1. Within the stretch 391-410, restricting attention to residues that are open to solvent by less than 50 Å² (accessible area, probe 1.4 Å) and under 53 Å from the mean Cα position of the chain (by Cα), which residue is farthest from Gln366 (Cα to Cα)?
2. Identify, by number, the condition in (1) open to solvent by 50 Å² or more (accessible area, probe 1.4 Å); (2) aliphatic (A, V, I, L, M); (3) at pLDDT 90 or above that Val87 doesn't meet.
3. Within 27 Å of Asn270 (Cβ to Cβ) and either in contact (Cβ under 8 Å) with a residue 24 or more places away in the chain or open to solvent by 30 Å² or more (accessible area, probe 1.4 Å) (or both): is that true of Val94 in this structure?
4. Collect the residues in the stretch 411-429 that are more than 52 Å from the chain's Cα centre (by Cα) and either β-branched (Val, Ile, Thr) or not in a helix (DSSP H, G or I) (or both), keeping them in residue-number order.
5. I'm checking my understanding of the structure. Among residues of the stretch 154-188 that are of a type in the set (Val, Ile, Thr) and more than 28 Å from Asp34 (Cβ to Cβ), which one is most open to solvent (accessible area, probe 1.4 Å)?
6. List the pairs whose first member sits in the stretch 370-394 and is among the charged types (D, E, K, R), whose second member is outside any helix (DSSP H, G or I) and surrounded by 17 or more Cβ atoms within 10 Å (Cβ to Cβ), and whose Cβ atoms are under 8 Å apart, counting only residues at least 6 apart or on separate chains?
7. If I ask for residues that are part of a helix (DSSP H, G or I) and among the polar types (S, T, N, Q), which ones from the stretch 102-146 would you list?
8. List the number of the failed condition for Ala149; all other conditions in (1) part of a helix (DSSP H, G or I); (2) surrounded by fewer than 19 Cβ atoms within 10 Å (Cβ to Cβ) hold.
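The values are calculated or read from the model by the stated rules, or taken from the named source; none is laboratory data. Everything numeric here is computed off the predicted structure, so don't read it as measured data. Glycine gets a Cβ as well: all are built from the backbone with ideal geometry, and neighbour counts include every protein chain shown. Side chains included, ligands, DNA and RNA excluded: accessible areas come from the protein's heavy atoms. Shrake-Rupley method; radii C 1.70, N 1.55, O 1.52, S 1.80 Å.
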Amino acid sequence: MRQRIGLILTIIVALGVLIVINSAAYVQEENQEDSELAPNRSTYNARATGTRAFYDFLSESGYKVMRWREPPDRLLGAGGQKVQTFVIIGRPRVPIDENEAETLLLWVKRGGRLVMIDRRPEEYLLPPSGEWSVTTEFIVYPGFNDDPADQEQMTKDVKPVRPAQPTLLTRDVESVMPSRFFSAIKFFTSNKSSGDKKSEQDDSKSENANNDQVPSGHSGKKDELADTNDSAVSPAPVVHLATSSGALLLDYPHGQGRIVVLSDPFIVANDGIGLKDNLHLTINLLSTSAGLIAFDEFHQGRGTTHNAFASYFAGTPVLAIGGQIVLIILLMVWTRGRRFARPVPLPQVDRRSSLEFVASMAELQQRAQAFDLAIENVYSRTRRVLARYAGVDYNSPRSEIAARVAGRSTLKAHQLEVLMRRSEEAINGGPITERQSIQLVTRLREVEATLGLRMRSREVKQTAQNI
């Protein structure tokens, strides 16, 4: 039992350290400040970039709202039949891939209403509408020093935006105050697609004209179909708010539903929803169609886990601590199952001489004629002890080192400086022979002996072994 006391105490200490580390990491994550570069647009976030104020207002005002924490494909099932408006605010923390975008757009085609409040939504979330294409463009990028909680800084040099025309989305809205980071919504038509459609229509007309077997009553049916197509909803986007740089709010049809794009999440954020008529505008965006309003929390990192235990401890370090404890237990079981202890290594006797490495390097340098490397090995130590003897830094100029050494010894400054200069030139690739390198090394050793600079204990030991 006494042999296991140390193991038990080690396990207890390790568990305590894990708890402290996970608790500290959890507190640090909670204290993370909001930023416009990495905003948290979740309806659970009550800080500047969050949208909890807007969600709580809708809920307390009697609107049918919910936080959608399921994957988008659930919208096509029984759970999504009650949802009439699906809201995506800001850049999601969990990216929306193309498959999920296709599911959302299919839900819109079946009559749903997709509201995207983002400065730069993905292109595959903005499908073309007939000949019209919609995209967004940044005007001003947020910086590191921009404080989302400072309304004056967020709306600096920005004028309120008035409705471009009276519509259901701009009802009771006199002006809206966006931030200076709003993006411009651009839309355009494709002339090529128009020409292709026109040529297809001409071909169909010519085929019908050349077909002599068409009954006389068939032309009346074609007129009815033409009238039906003319009375259909126009695919052109409708601009509700616009600035000189582009549209701020527009919507357009997609199948039997509609897609609404608002290019500034600051309007619905906690710190911006109270400015001007921002609240009226956001209510109009979501209340034009009756039914359940679902805010996307799945892509904000709040997806359901379908596990009651995991959901209860979500957002706390308990799950991480439990996983690490299980890992430690499995490691202990595996260690006990292998053997009692690790094998004792056999004693290894080093039969090599301590100068074997030095001799090998010397022979290698001599064969390769690397005289500069041999001089560098000696000169680096000599310069270091000279600098220490002179009381200056190692990187000081050689003239200063030579002058100070000459002032404290019988050596001449000029001769010492010339010796140092020739050594450095040889190290830097200057031409030198084997005899000249031996002469330089000999003079360097003489300088050390003249100054009484003692060798290191390791060098003394190697010299004694060599003798």
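1. Let us first name the residues in the stretch 391-410 that are open to solvent by less than 50 Å² (accessible area, probe 1.4 Å), namely 392, 396, 401-402, 405-406, 409.
Narrowing the set further to residues that are under 53 Å from the mean Cα position of the chain (by Cα) leaves 392, 396, 401.
On the way: Val392: 34, Ser396: 31, Ile401: 31 Å.
Result: Val392.
2. Of everything listed in (1) open to solvent by 50 Å² or more (accessible area, probe 1.4 Å); (2) aliphatic (A, V, I, L, M); (3) at pLDDT 90 or above, Val87 misses just condition (1).
3. yes
4. Leu411, Lys412, Val418
5. If we filter the stretch 154-188 for residues that are of a type in the set (Val, Ile, Thr), which is where we start, we get 155, 158, 161, 167, 170, 173, 176, 185.
Within this subset, residues satisfying the condition of being more than 28 Å from Asp34 (Cβ to Cβ) are 167, 170.
Numbers: Thr167: 33, Thr170: 10 Å².
Of everything passing the filter in the stretch 154-188, Thr167 is most open to solvent (accessible area, probe 1.4 Å).
6. Asp372/Ile432
7. Initially, the stretch 102-146 is screened for residues part of a helix (DSSP H, G or I), giving 102-109, 123-125.
Passing the criteria: only Thr103.
8. Going through the list (1) part of a helix (DSSP H, G or I); (2) surrounded by fewer than 19 Cβ atoms within 10 Å (Cβ to Cβ), Ala149 breaks only (1).
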